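Enquirer: If you scroll down you'll find the structure; I have some questions about it.
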């Protein structure tokens, strides 16, 4: 999920990368971030109760763009030997696919409202825990990526509480923070794309990792 110049095959103008590593594939981070951002945007419009009909494009995106495309981005990060990006994109790609399965196939089969709330809460709680420790790791990536994970952690916490307590107000709050998460992910995606296309750091990502020794 890293979008800093170290992940780009050619050095960026003004960067401290002295010995760029030849990459077998293009940087998949902008794809993974864009897929995550768009799917999160659609679902958050539904969760915030801004446009309830957004659940339909959200489910379609969850299966194809946020799910399958992001999963592919994770596989390409494995090829690039980027453990953080590989785990992040593969996991959240699987999250969206499993979300589609949960909503489309499992939720209609659960008859009791309390059981559905508990099931959704458990599902979201697991992703809250995962996102929290990914946020810790993102401190060594970039400020842009850390912002995504910090906002996503808050989103999952609110959605989890809202599910367990069947509290629509908390769920709506989670939806609004989810919109912020989507905006930050789109920013990080745009930064990765623009900086690599222009071969120089135009959009700041605020690198946090230590610079390579001279």
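The values are calculated or read from the model by the stated rules, or taken from the named source; none is laboratory data. Keep in mind it's a predicted model, so treat the numbers as computed, not measured. Neighbour counts run over all protein chains shown; Cβ positions are idealised from the backbone, glycine included.
Enquirer: Condition first: surrounded by fewer than 14 Cβ atoms within 10 Å (Cβ to Cβ) and either under 17 Å from residue 147 (Cβ atoms) or touching a residue at least 24 places away in the same chain (Cβ under 8 Å) (or both). Now tell me which residues in the range 166-198 satisfy that.
Expert: 168
Enquirer: Scan 122, 145 and give me the residue that is part of a helix (DSSP H, G or I) and in contact (Cβ under 8 Å) with a residue 24 or more places away in the chain.
Expert: Only one candidate passes the filter, namely 145.
Enquirer: Separate question: For the range 125-156, name all the residues that are out of contact with any helix residue (DSSP H, G or I) (no Cβ under 6 Å at 6 or more places or on another chain) and closer than 18 Å to residue 99 by Cα.
Expert: 126, 129, 130
Enquirer: Quick one: residue 179 ticks every box in (1) in a helix (DSSP H, G or I); (2) touching a helix residue (DSSP H, G or I) at 6+ places or on another chain (Cβ under 8 Å); (3) more than 20 Å from residue 45 (Cα to Cα) except a single one, so which number is it?
Expert: All conditions pass for residue 179, except number (3).
Enquirer: Does residue 98 count as modelled with pLDDT of 95 or more, in a helix (DSSP H, G or I), in contact with a helix residue (DSSP H, G or I) (Cβ under 7 Å, 6 or more places away or on another chain) and more than 22 Å from residue 206 (Cβ to Cβ)?
Expert: It is false that residue 98 is modelled with pLDDT of 95 or more, in a helix (DSSP H, G or I), in contact with a helix residue (DSSP H, G or I) (Cβ under 7 Å, 6 or more places away or on another chain) and more than 22 Å from residue 206 (Cβ to Cβ).
Enquirer: Using beta carbons and a limit of 8 Å, which pairs, at least six apart or on different chains, have the first residue in the range 38-60 and crowded, with 18+ Cβ neighbours inside 10 Å and the second one modelled with pLDDT under 95 and not in a loop (DSSP other than H, G, I, E, B)?
Expert: Every condition considered, the pairs that remain are 59/104.
Enquirer: Only residues that are crowded, with 16+ Cβ neighbours inside 10 Å and under 21 Å from residue 29 (Cα atoms): list them for the range 111-142, please.
Expert: 127, 130, 131, 134, 135, 137, 138, 141, 142
Enquirer: Being farther than 26 Å from residue 165 by Cα and not in a helix (DSSP H, G or I), is that true of even one residue in the range 81-91?
Expert: Yes, some residue in the range 81-91 is farther than 26 Å from residue 165 by Cα and not in a helix (DSSP H, G or I).
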